[in-house]
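None of the figures in this text is laboratory data; all of them are computed from the coordinates on show. This structure is a prediction, so every number in the text was calculated from the model and none was measured. With ideal geometry, Cβ positions are generated from the backbone for all residues, glycine too; neighbour counts draw on all protein chains shown.
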2 protein chains.
Amino acid sequence: MAAPRPLSGFPELLPEQRVVEQHVLDVLRHTFELYGFAGLETRAVEPLSVLLRKGEIDKEVYAVRRLHAEPVEGEAADDTLALHYDLTVPFARYVLENAGRLQFPFRRYQIQKVWRGERPQEGRYREFLQADIDVVDRDGLAQHHDVEMARVMLDALSRLPLPGVRLQVNNRKLIEGFYRGLGIDDVAGVMRVVDKLDKVGAEEVSRQLRDDVGLDERQAAACLALPSASGPDVAFADRVRALGVEHPLLEEGLTELLAVLEGCADLRSERVEVVADLSVARGLDYYTGTVYETRLTGHEHLGSICSGGRYDALASDGTTTYPGVGISFGVTRTLAPLLQRGLLSSSRSVPTCVVVAVVDEERRAASDAVAAALRARGVPTEVSPTAAKFGKQIRYADRRGVPFVWFPQDDGSHQVKDIRSGEQAEADPASWQPPAADLRPSVDTAG
Amino acid sequence: MAAPRPLSGFPELLPEQRVVEQHVLDVLRHTFELYGFAGLETRAVEPLSVLLRKGEIDKEVYAVRRLHAEPVEGEAADDTLALHYDLTVPFARYVLENAGRLQFPFRRYQIQKVWRGERPQEGRYREFLQADIDVVDRDGLAQHHDVEMARVMLDALSRLPLPGVRLQVNNRKLIEGFYRGLGIDDVAGVMRVVDKLDKVGAEEVSRQLRDDVGLDERQAAACLALPSASGPDVAFADRVRALGVEHPLLEEGLTELLAVLEGCADLRSERVEVVADLSVARGLDYYTGTVYETRLTGHEHLGSICSGGRYDALASDGTTTYPGVGISFGVTRTLAPLLQRGLLSSSRSVPTCVVVAVVDEERRAASDAVAAALRARGVPTEVSPTAAKFGKQIRYADRRGVPFVWFPQDDGSHQVKDIRSGEQAEADPASWQPPAADLRPSVDTAG
């Protein structure tokens with residue numbers, strides 16, 4: 001075949017970039033497991049009926065079909081399969097399917113690819129990795145989990161080689177209560193229009209609220225005033241109340257949002273901001289309370305890199321409901337642009353710490369033995385693929401960023417060379433250990 | 001929605017089963033990295049034209065299409081996408097696409113799901129995990145890599161909680177040379193028929209070789225005699241030569257197969273068998289030399305759990321060819337049946353090592369502080385979701401297999417209980433450490 005070209009929207013990484021991604025995935029997993037989340041994977045496909053039940057994203061779904069599909073016994077036509085577009089909907093389905101075999105409250109993390117047929121652009125891909133944490137319970141889910149999800153994800157993000165983050169929290173009950181307190185019935189319609197504030201500006205939003213949704217002057221003005229009550233501390237609640245709107249749902253939302261803000265107060269640092277952002281609504285319509293978004297400092301144009309919220313009714317079999325709260329980190333969405341700009345890099349493109357040189361092909365076994373001894377103590381080691389001149393074997397290591405080259409000597413002794421410094425010393429394959437910092441590739445941030 | 005049912009062929013694991021799978025994946029990755037293989041992932045989809053170029057598997061491919069696809073600029077109709085059915089073909093495409101940015105020889109491991117629209121049955125799934133290692137070089141690839149791939153995979157398999165394995169090695173040049181030495185031209189036709197030996201028996205194979213492929217009595221008898229020359233040591237070569245067939249390609253194949261067998265001799269153990277199996281041909285037609293299959297002792301009905309071989313011409317852009325050799329372990333294919341029969345299990349369903357009890361909701365912060373202290377030293381810890389009676393909080397831990405429950409005392413001291421033995425002792429959250437064996441879930445084999 002002719003040299004193939006990349007598929008737009010389906011990013012692939014070079015080995016040295018994958019080292020960075022793998023490091024990030026390891027940190028996420030380590031952090032989630034420290035908090036007791038069980039690792040889980042669901043299948044890549046769901047029946048279309050499951051995927052389309054929630055959210056207005058039918059245009060984004062990829063349907064999947066056997067190339068030469070014949071009618072298969074027991075497979076009805078409405079069982080069309082499609083690739084999942086997020087990890088929350090499949091998780092809700094998994095919980096319902098396995099409810100009898102799970103322990104509730106059930107905490108899981110899930111790191112998998114998802115697919116959306118969006119028009120590709122920076123920060124928007126057709127195939128991308130998400131890392132989700134969720135907790136679901138049966139019938140009712142304690143409110144303190146809304147705080148916990150934010151804390152766990154902030155802990156994970158702060159361990160990553162990323163710029164600072166700003167967690168923006170809001171509450172759907174607060175918004176809905178506020179609108180209802182104003183006498184508005186078309187809550188969803190108002191949300192949709194106010195959501196465009198950043199894009200079209202206040203004047204146009206006000207016009208649409210009056211002309212398209214049918215609000216009066218006072219209602220439209222109040223809807224526009226709500227986002228400006230946002231702020232980094234609990235004082236936001238006073239600013240909301242000062243708007244003079246009253247509704248029980250508004251109070252409930254305020255209490256819940258205050259709890260999240262207070263519960264995360266001690267996590268604030270130079271790199272972590274937590275704010276009540278009353279303009280955050282989240283597109284997917286399964287959220288019922290707390291909603292989260294997250295911006296990466298200096299990369300706000302990427303949009304929210306980490307989003308989620310509480311969904312009290314997503315998983316229900318008609319008899320029992322399994323309310324949940326979760327948050328999802330867009331791994332690809334965050335890393336791909338940073339990798340592309342060289343803002344994240346790794347010290348080498350391979351796990352290899354040592355390349356053992358080969359004197360000549362007849363003595364390859366001696367080099368294999370050195371490698372085996374080093375591997376037995378956990379040192380990632382390759383044997384040179386050729387018995388070329390030592391200069392060429394050193395270049396083999398150097399091009400991959402491998403720090404050490406090992407030379408078996410004719411007299412049975414051994415030399416190991418740090419090819420960065422040129423320093424060379426005698427070494428014993430049965431005991432030599434590299435400096436801890438050199439054992440694995442390191443990840444570096446620039447800029 | 002009503003409680004959903006499983007999709008046949010798309011296996012999903014319960015949390016305690018996923019612990020086993022994750023352990024297996026960790027061991028594979030650790031082993032592959034010890035040998036210097038770079039971790040890599042490719043996108044899940046390939047253009048149909050790439051997938052159908054090799055192998056006779058068009059009926060198994062899942063095509064992928066946006067549900068409401070509109071003609072998109074720059075997307076030709078022949079760019080239909082499909083899910084990859086293995087990891088070798090996408091890897092070959094990746095190598096061609098990125099050849100200018102990779103260092104050769106290039107060694108990578110790849111652990112990903114693949115999809116095939118096969119009729120589901122035990123050991124055959126529609127979505128399943130594969131773990132591949134391959135090395136590719138430019139123009140030519142040294143023969144010692146054929147030995148290396150077998151050694152690395154045997155090392156990995158022997159670290160897994162599995163019964164013994166038998167690696168069966170053959171060589172396509174040996175088979176082809178043997179047939180050509182007999183004066184046979186339709187090599188592929190003969191291979192296809194001989195491949196049915198296990199299923200239809202010698203008499204029927206002999207009949208088909210004569211009636212369908214057109215061999216004479218002597219040729220058919222020799223083709224049937226070749227597999228019986230198989231054996232666990234280098235004596236197989238004498239038995240092949242005793243059949244009296246001569247051809248340069250046969251000699252080449254014999255030399256290569258001898259090298260693999262001798263190169264793996266020291267790995268033989270109670271749990272590892274390595275044999276020259278002259279009946280192994282492998283279905284996919286891109287193999288050109290060494291071919292590998294692997295049987296799991298006591299589970300031979302699963303077929304080959306680990307297969308691969310050398311492909312000298314799979315990746316070529318017309319100017320440059322990138323020969324490779326690799327081997328692929330069927331993770332799902334191997335684990336799913338063992339998990340289903342309870343032959344593999346984990347000590348707990350969560351990573352959690354300690355559950356910190358909550359005295360009452362007002363004192364949840366004290367329990368949170370204990371958990372933070374334990375996590376800071378790497379101990380996976382949960383705080384009890386409710387301040388229920390201690391008996392109920394202990395049951396929360398017990399049902400998940402969590403070994404320890406921690407009780408903050410009113411006087412500021414702390415007690416930790418091993419709920420398996422009932423033993424309870426005073427402990428300091430700033431220094432207490434669980435026994436190393438309890439820190440992570442363990443994986444147990446039964447039977």
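So the values come out like this:
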| item | result |
| --- | --- |
| 28 Å Cα cut-off, lysine pairs counted over chain B (separation 8 or more, or different chains) | 11 |
| Average beta carbon contacts from partner chains per residue of A:347-356, 10 Å cutoff | 4 |
| Label-to-label distance, nm, for residues given as B:Asp418 and B:Ala366 (7 Å Cα→Cβ offset) | 2.6 nm |
| Folded to 0 to 90 degrees: helix A:202-211 orientation relative to chain A principal axis, Cα | 50 degrees |
| Antiparallel DSSP beta bridges within the range B:354-445, percent to nearest 5 | 55 percent |
| Rounded to whole Hz, the Karplus (6.51, -1.76, 1.60) HN-Hα couplings of the range A:184-200, x for glycine and proline | 8, 9, 7, 4, 4, x, 5, 4, 4, 6, 4, 4, 8, 3, 4, 7, 10 |
| Low-density loop positions, GluC sites (Glu not before Pro), the range B:288-382 - DSSP coil, at most 13 other Cβ in 10 Å | none |
| Residue-by-residue Karplus 3J(HN,Hα) for the range B:411-419, coefficients 6.51, -1.76, 1.60, Hz, glycine and proline x | 7, x, 7, 9, 10, 10, 10, 7, 6 |
| Descending semi-axes in whole angstrom, ellipsoid equivalent of the range A:354-445, from the Cα gyration tensor | 20, 15, 12 |
| Residue closest to axis [chain B; rotation mapping onto A; Cβ; Å] | B:Val64, 3 |
| 10 Å Cβ neighbours from other chains, averaged over peptide B:8-16 | 5 |
| Beta bridges per DSSP with both ends in chain A, % antiparallel, nearest 5 | 80 percent |
| Principal-axis tilt of helix A:364-376 within chain A, Cα atoms, nearest 10 degrees | 40 degrees |
| Shortest-first nm distances, A:Thr297 label point to equivalent points in other copies (7 Å, Cα→Cβ) | 5.8 |
| Peptide-level mean, for A:24-34, of C-beta atoms on other protein chains within 10 Å | 3 |
| Semi-axis lengths (Å, descending) of the ellipsoid that matches the C-alpha gyration tensor of the protein assembly as shown | 53, 32, 27 |
| Inter-copy separations for A:Ser421, label at 7 Å along Cα-Cβ, nm, ascending | 4.6 |
| Cβ-vector label at 7 Å, A:Pro163, separations to other copies in nm | 5.7 |
| FRET efficiency estimate (nearest 0.05) - Cβ-Cβ, B:Ala446 to A:Val200, R0 60 angstrom | 0.40 |
| Selection of trypsin sites (Lys or Arg not before Pro), the range A:272-337, meeting DSSP coil and at most 12 other Cβ within 10 Å | none |
| Long-range amide H partners of B:Tyr109 with built H, under 5 Å | B:Ala38, B:Gly39, B:Leu40 |
| Chain A, relative contact order in percent, only Cα pairs under 8 angstrom and at least six apart counted | 17 percent |
| Rough spin-label spacing in nm, given labels placed 7 Å along Cα→Cβ, for B:Ala242 and B:Phe390 | 7.6 nm |
| Reciprocal mean inverse distance between Cα atoms of chain B - Kirkwood radius, Å | 25.3 Å |
| Semi-axes of the equivalent ellipsoid for the range A:208-334, Cα gyration tensor, largest first, Å | 24, 22, 17 |
| In degrees, nearest ten, helix B:331-340 long axis to first principal axis of chain B (Cα) | 60 degrees |
| The range A:68-188: translational diffusion in µm²/s, Stokes-Einstein, Kirkwood Rh over Cα pairs, 20 °C, 1.002 mPa s | 116 µm²/s |
